[in-house]
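J.: Structure below; questions to follow.
The values are calculated or read from the model by the stated rules, or taken from the named source; none is laboratory data. Remember, it's a predicted structure, so these values are computed and weren't measured experimentally. Here Cβ is always computed from backbone atoms with ideal geometry, including for glycine, and neighbour counts include all displayed protein chains.
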Amino acid sequence: MRYQWRAKDHTIEVTDTNGVVVASAWVELDLRAEHEYRAYLHGEVVPEYRRQGLGSYMMNWMESQAHQFFATLPNDRPCVLRIMFTDSRQDAVELYEKFGFQFFLAEDEMHRDLKQPIPSISLPTGMNFVPWSPGYAFQVYNDAFRDRPGFPNWTEAVWRQNFTGFDTFRPELSLMVMAGEQPAAYAVSAVESNQGWIVQMGVRPAFRNKGVGGTVLAEAMRRFKTEGLDTAALEVNVNNPQAARLYERFGFVLVKRVTIYHKVVR
Ligand SMILES: CC(C)(COP(=O)(O)OP(=O)(O)OC[C@H]1O[C@@H](n2cnc3c(N)ncnc32)[C@H](O)[C@@H]1OP(=O)(O)O)[C@@H](O)C(=O)NCCC(=O)NCCS
C-alpha cells in the first residue's frame, strides 16, 4: 500500500509517502434530536488523490465507526447517517449514492449586513409584538409549516428541543406576534459570535401577504443591531422560493448552499 492510515479518536488520516495528509475523515455523533440518533460523516480527499478508491475506503471506515457508536445506544429511535457538503461535487454525490445515501435537503445560507439601513415598517393594525412564548410559537409553527414538503409533525417537546434547545438560543431576541388573542407569527433567534441568526420564522396562513413576515424580519434585524451584531443570517430551503424572495427583498444575499444526504441504518 502506498499510503499510511492513522486512525485515532474516530478520525482517520491518509498520508502519502512524504507524510503529507491526502485524505481525512471523521465521524461526529449528534444526540440532540429526540426523534433520531444522528452521525455526521465528514471526509475529504485532496483533488489529485481522487478516483483511486480512497473515498470508498473512508466511507466504509466512517460507516463502521458510526455503527459502533449506534450499537452503544438504546434501540428506541431510528439511527441516521448524514453527509453535509457545500459544493455541488457530482463525483462525491455519485459515491454517496453508491453507498445508499439519498438526497435529504438543500438549504441556502443568506446574510444581511446590519450596517445597511433597516426598513422602518410596522405590523398591520391590531397586531403587536409580545414577549417570546414557546407555546404560542409552536402553535404558529404547526400551522405555518404544515403544508411544507416533509413536515415532520413533531410534538412541542421535540420542536422546542430542535429549535430552541441550544446554548445560542436568545429568547429576548426571538419574536412573537399576536393578532388580538391569536398567535400570528414568530421568529426564533440565536447569536453566534458577531452574527444574529433567524433560526426559524413563520406566519400563519391567515395572516400572510400583509407585510407581517417582512416586519418580523426587520424587527429581528433591529434587535440584532441594538445588540451590536454585524450580520443577520438565516437558512432557507431551496424548495421555498416564496421565503427566499422575502429575504432577498430585505437585502439578504446568498453565501453558500448546504446539501444534506442521508441514510437510515436502524
Ligand atoms: C415565508 C413567510 C414567512 C412570509 O410571510 P408573509 O407574512 O406572507 O410575508 P410578507 O407579507 O412580508 O411578504 C409576502 C408577500 O406579500 C407581499 N406583501 C407584503 N405586504 C403586502 C401588503 N400590505 N399587501 C399585499 N401584499 C403584500 C410581499 O410583497 C410578498 O410578495 P411576494 O411573495 O410576491 O414576494 C410565510 O409565507 C410562511 O410562514 N411560510 C411558511 C413557513 C416558512 O416557509 N418559513 C420560512 C422558512 S425559512
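J.: From the list 191, 236, which residue is part of a strand (DSSP E or B), of a type in the set (Val, Ile, Thr) and within 10 Å of the ligand (Cβ to nearest atom)?
T.: 236
J.: It is to be established whether one or more residues within the range 234-242 are free of Cβ contacts under 8 Å to residues at least 24 places away in the same chain and either farther than 30 Å from residue 68 by Cα or touching a Gly at 6+ places or on another chain (Cβ under 7 Å) (or both).
T.: yes
J.: Further question on the same structure: State yes or no: is residue 200 within 7 Å of the ligand (Cβ to nearest atom), under 18 Å from residue 106 (Cα atoms), assigned by TED's automatic domain parsing to the domain that holds residue 180 and outside any helix (DSSP H, G or I)?
T.: Answer is yes for this residue.
J.: Right, here's the next one. Taking the residues in the range 143-159 that are in contact with a strand residue (DSSP E or B) (Cβ under 9 Å, 6 or more places away or on another chain) and surrounded by fewer than 16 Cβ atoms within 10 Å (Cβ to Cβ) as candidates, determine which candidate is modelled with the highest pLDDT.
T.: Among those that are in contact with a strand residue (DSSP E or B) (Cβ under 9 Å, 6 or more places away or on another chain) and surrounded by fewer than 16 Cβ atoms within 10 Å (Cβ to Cβ), it is 148.
J.: Any residue in the range 200-222 that is among the acidic types (Asp, Glu), in contact with a Lys or Arg (Cβ under 9 Å, 6 or more places away or on another chain) and at pLDDT 95 or above?
T.: No, because not a single residue in the range 200-222 is among the acidic types (Asp, Glu), in contact with a Lys or Arg (Cβ under 9 Å, 6 or more places away or on another chain) and at pLDDT 95 or above.
J.: Would you check if residue 247 is within 9 Å of the ligand (Cβ to nearest atom), crowded, with 19+ Cβ neighbours inside 10 Å, within 21 Å of the chain's Cα centre (by Cα) and over 24 Å from residue 160 (Cβ atoms)?
T.: For residue 247, the condition - within 9 Å of the ligand (Cβ to nearest atom), crowded, with 19+ Cβ neighbours inside 10 Å, within 21 Å of the chain's Cα centre (by Cα) and over 24 Å from residue 160 (Cβ atoms) - is met.
J.: Output the number of the condition that residue 210 fails; it satisfies all remaining conditions of (1) of a type outside the set (Gly, Ala, Ser); (2) in contact with a Pro (Cβ under 6 Å, 6 or more places away or on another chain); (3) farther than 17 Å from residue 128 by Cα.
T.: Against the list (1) of a type outside the set (Gly, Ala, Ser); (2) in contact with a Pro (Cβ under 6 Å, 6 or more places away or on another chain); (3) farther than 17 Å from residue 128 by Cα, residue 210 comes up short only on (3).
J.: Which ones in the range 157-169 are under 20 Å from residue 184 (Cα atoms) and touching a residue at least 24 places away in the same chain (Cβ under 8 Å)?
T.: Result: 160, 163, 164.
J.: Right, another one. For residue 225, indicate whether it is in a loop (DSSP other than H, G, I, E, B) and either more than 30 Å from residue 90 (Cβ to Cβ) or within 16 Å of the ligand (Cβ to nearest atom) (or both).
T.: no
J.: Output yes when any residue across the range 108-117 is among the aliphatic types (A, V, I, L, M) and either touching a Gly at 6+ places or on another chain (Cβ under 6 Å) or closer than 30 Å to residue 266 by Cβ (or both), and no when none is.
T.: Within the range 108-117, not a single residue is among the aliphatic types (A, V, I, L, M) and either touching a Gly at 6+ places or on another chain (Cβ under 6 Å) or closer than 30 Å to residue 266 by Cβ (or both).
J.: Also, I was wondering about something else. Can you tell me which residues in the range 188-222 are surrounded by fewer than 19 Cβ atoms within 10 Å (Cβ to Cβ) and not aliphatic (A, V, I, L, M)?
T.: 192, 193, 194, 195, 205, 208, 209, 210, 211, 214, 222
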